[in-house]
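Here the structure comes first, spelled out in structure tokens, and everything after it is commentary.
The values are calculated or read from the model by the stated rules, or taken from the named source; none is laboratory data. Not measured: the values here are computed from a predicted model. Quick reminder, even Gly has a Cβ in these numbers, built from the backbone with ideal geometry, and neighbours come from all protein chains shown.
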Amino acid sequence: FTVKVNEPVAPIQSTMWGVFFEDINFGADGGIYAELVKNRSFEFFKPLMGWSVKRKQEGDILVLSRKEATNNPRFLRLTARNAVKGDLELTNEGFRGMGIKKDLRYDFSFLYRQAAPGITMHLSLINSKGESLGQTVIKPAESGAAWHKQSVSFQSVAADPKAKLYIWLEGTGVIDVDMISLFPGDTWKNRSGGMRGDMVQMLADMKPGFIRFPGGCIVEGVDLANRYQWKKTIGPVEERQLIMNRWNIEFPHKAAPDYFQTFGLGFFEYFQLAEDIGAEPLPILNCGMACQFNTSELVPLEDLDPYVQDALDLIEFANGDVTTQWGKVRASMGHPQPFHLKMLGVGNENWGPQYIERVKVFTKALKAKYPDIKLVNSSGTDPDNERFNYLNGELRSMNADIIDEHYYRSPDWFLSNASRYDSYDRKGSKIFAGEYAAHAKITGGTNNVNSWRTALAEAAFMTGLERNAAVVNMASYAPLFANTDAWQWSPDLIWVNNLQVYGTPDYHVQKLYSLNKGTQVVPLTWEGKALAGQDSLYATAAVDEKTKELIIKIANVSAKAQNNVLALEGVKKTATVADCIVLKGDLESVNSFEKPDNIAPQQSTVAVKNKKVALTLAPYSFTVLKVKL
Ligand code: AHR
């Protein structure tokens with residue numbers, strides 16, 4: 001192969017490799033949002049979902065609803081008369097259990113009001129045998145008609161992946177309770193009410209160029225009433241109105257009737273997360289259309305104004321100074337500095353002329369006020385069908401800033417589409433490969449498992465994304481997270497349970513691309529042509545002007561080792577030793593909680609002699625070679 005080191009073809013955007021976050025597979029509630037109590041405010045469709053109550057003695061536990069207008073009307077009224085242990089009890093099962101670590105602080109809080117004080121609450125985390133993993137006592141002090149918040153922290157003494165929160169009442173009195181909450185003390189950046197540190201770390205480790213949020217289909221909602229509305233996800237947590245999750249569905253593999261979005265993780269937290277991990281925020285908003293794989297409910301064009309206003313207000317929320325209406329709200333939440341929003345998505349996988357009509361209305365209003373904000377529009381999923389091509393054509397003729405293409409296809413499709421973007425017009429709309437994943441079956445096993453087969457096909461395909469950085473400006477695998485006990489969609493990049501996290505082989509591919517991005521594409525050819533499948537090899541080359549490195553990425557998708565010589569042209573001298581990072585394995589190999597590093601990068605070095613590198617590419621391998629210039 002020949003690499004022309006001094007002939008840059010196109011800049012690689014800092015946003016090139018990013019992440020796509022959606023609350024699917026218990027990604028947010030029950031996942032990255034570290035709240036351990038399920039249905040803490042009793043607002044799920046069934047008010048006591050997630051809770052079990054026991055009333056042995058006189059006394060009662062009633063579900064009531066506030067008379068005043070509020071986003072969180074329900075609460076529990078607990079009435080106790082001379083109660084002792086075993087009389088009046090409340091137990092919360094968590095999101096498929098609560099993952100409890102040994103010797104960690106747990107922060108409990110709740111809202112209450114009591115007309116007749118006198119109840120003491122005994123809290124403990126218990127294992128399946130009912131043994132205590134840590135406990136404390138709380139005696140609510142205030143009385144009267146006003147609501148108060150009380151918090152207490154306690155230390156765990158043992159670990160359990162499937163614990164429960166058990167509360168029993170002692171004494172005589174009447175108390176109303178709401179927002180019963182429990183967080184571990186080791187959240188990301190130790191923020192109270194924050195995110196799971198181990199999950200955020202997996203993202204931070206990737207150094208993603210952007211984070212797209214909050215989805216996905218949840219942007220659209222099952223119907224418009226259940227669409228994602230960012231204004232309902234900010235401000236005090238107890239005032240955020242929950243909705244049913246779009247993925248609260250009877251999928252054949254894992255039903256999730258208890259899947260709701262509580263919005264403890266809302267738009268402020270998403271922006272903050274983006275800032276924390278150095279990623280550009282990319283929010284996607286509903287365009288006036290509910291999920292077309294579902295109800296297909298539409299807002300009439302003449303009633304679209306509030307949706308457009310939400311988009312305008314979001315830009316002010318992110319970027320406006322503290323004197324603006326929405327900038328002030330951001331500041332009141334603790335972030336007076338702007339979040340520097342540069343891109344905004346309108347619609348997700350919506351289709352038909354109805355989508356184009358709505359995009360035109362949004363574009364006119366947004367560009368009039370914020371001409372520098374880049375707008376992302378979706379041409380949806382399934383790139384070979386009519387619907388996709390129609391949207392692509394329409395969006396291109398409108399000169400859309402960025403077109404978001406999705407593909408969930410077989411590994412073979414990914415291999416045969418590595419040249420997909422070679423023919424795309426460089427001058428027109430840019431491309432965001434916003435959701436993609438190879439879907440394959442493990443021989444004799446389950447469908448849609450993340451294996452080295454899927455990851456290698458993606459690695460090969462991604463050489464074509466990087467090679468075409470002139471038109472492809474952004475890409476993200478999807479979905480991002482899955483809880484092993486509560487997923488609706490597979491494969492997924494990162495799998496979690498209540499206490500553990502592991503990256504799939506696909507995660508390692510994404511991470512290698514992102515950490516070894518480069519700033520300029522340079523030509524890598526074999527017999528005068530880009531290497532995109534000849535002899536089962538796929539390659540791309542980039543120069544990093546900051547680190548002064550040449551970075552080559554090569555996928556060998558064949559069963560045989562291949563020896564090649566890489567000739568570096570247009571460079572006076574190089575280091576004599578290059579770093580080599582390799583992912584390789586049997587195509588059926590998977591990572592797991594037990595073997596998280598089954599497929600993981602292996603580091604070595606190779607010699608560079610007279611501007612030549614003799615490469616041995618292992619069977620079924622992906623190699624990243626880094627030569628100091
Ligand atoms: O990533 C899972 C789903 O796939 C997304 O919610 C949707 O945009 C696509 O259909």
Condition check for Ser490: in contact (Cβ under 8 Å) with a residue 40 or more places away in the chain, within 16 Å of the ligand (Cβ to nearest atom) and among the small types (Gly, Ala, Ser) = yes
Flag for Lys546 being of a type outside the set (Asp, Glu), loosely packed, with under 15 Cβ neighbours inside 10 Å and either at pLDDT below 95 or out of contact with any Cys (no Cβ under 8 Å at 6 or more places or on another chain) (or both) = yes
Please work out if Val200 is farther than 20 Å from Val308 by Cβ, hydrophobic (A, V, I, L, M, F, W, C) and either surrounded by 24 or more Cβ atoms within 10 Å (Cβ to Cβ) or modelled with pLDDT under 95 (or both).
-> no
Counted residues in segment 1-32 being more than 16 Å from the ligand (Cβ to nearest atom), out of contact with any helix residue (DSSP H, G or I) (no Cβ under 6 Å at 6 or more places or on another chain) and not in a loop (DSSP other than H, G, I, E, B) come to 5
State the number of residues belonging to segment 166-225 that are of a type in the set (Gly, Ala, Ser), within 20 Å of the chain's Cα centre (by Cα) and either within 16 Å of the ligand (Cβ to nearest atom) or not assigned by TED's automatic domain parsing to the domain that holds Asp492 (or both).
-> 3
Report yes if some residue within segment 486-495 is surrounded by fewer than 23 Cβ atoms within 10 Å (Cβ to Cβ), among the acidic types (Asp, Glu) and either touching a Leu at 6+ places or on another chain (Cβ under 7 Å) or in the same structural domain as Asn399 (by TED's automatic domain parsing) (or both); otherwise report no.
-> no
Report, by residue number, each residue of segment 315-334 that is under 25 Å from the mean Cα position of the chain (by Cα) and surrounded by fewer than 16 Cβ atoms within 10 Å (Cβ to Cβ).
-> Gly334
Leading residue by the ranking (nearest to the ligand (Cβ to nearest atom)) among those in segment 408-435 that are among the aromatic types (Phe, Trp, Tyr) and buried (at least 23 other Cβ atoms within 10 Å of the Cβ) | Phe432
Across segment 343-384, which residue is nearest to Asn319 (Cα to Cα) among those that are of a type in the set (Val, Ile, Thr) and more than 16 Å from the ligand (Cβ to nearest atom)?
-> Ile373
Of the candidates Ser143, Ser128, Ser124, Ser151, the one satisfying the condition of being surrounded by 19 or more Cβ atoms within 10 Å (Cβ to Cβ) and free of Cβ contacts under 8 Å to residues at least 60 places away in the same chain is Ser124
Scan segment 385-407 residue by residue and report those that are assigned to a helix (DSSP H, G or I), of a type outside the set (Asp, Glu) and more than 16 Å from the ligand (Cβ to nearest atom).
-> Asn389, Tyr390, Asn392, Gly393, Leu395, Arg396, Ser397
Under 9 Å between Cβ atoms, at least 6 apart or on separate chains: pull out the pairs that start in segment 265-288 with a residue that is under 22 Å from Ser332 (Cα atoms) and free of Cβ contacts under 8 Å to residues at least 24 places away in the same chain and end on any residue that is among the charged types (D, E, K, R) and surrounded by 24 or more Cβ atoms within 10 Å (Cβ to Cβ).
-> none
Residues of segment 578-619 being hydrophobic (A, V, I, L, M, F, W, C) and surrounded by fewer than 13 Cβ atoms within 10 Å (Cβ to Cβ), in sequence order, are Ala607, Ala614
Could you tell me whether segment 48-70 includes any residue that is in contact with a helix residue (DSSP H, G or I) (Cβ under 8 Å, 6 or more places away or on another chain) and not hydroxyl-bearing (Ser, Thr, Tyr)?
-> no
Any residue in segment 264-273 that is in contact with an Asp or Glu (Cβ under 9 Å, 6 or more places away or on another chain) and either outside any loop (DSSP other than H, G, I, E, B) or farther than 23 Å from Lys232 by Cα (or both)?
-> no
For strands (runs of 3 or more DSSP E) lying entirely in segment 61-159, having 3 or more residues that are on the phi > 0 side of the Ramachandran plot and over 30 Å from the mean Cα position of the chain (by Cα) picks out none
So Glu35, is it within 16 Å of the ligand (Cβ to nearest atom), surrounded by 23 or more Cβ atoms within 10 Å (Cβ to Cβ) and of a type in the set (D, E, K, R) = no
Which listed residue, of Glu435, Glu458, is part of a strand (DSSP E or B), under 23 Å from the mean Cα position of the chain (by Cα), acidic (Asp, Glu) and closer than 26 Å to Phe26 by Cα = Glu435
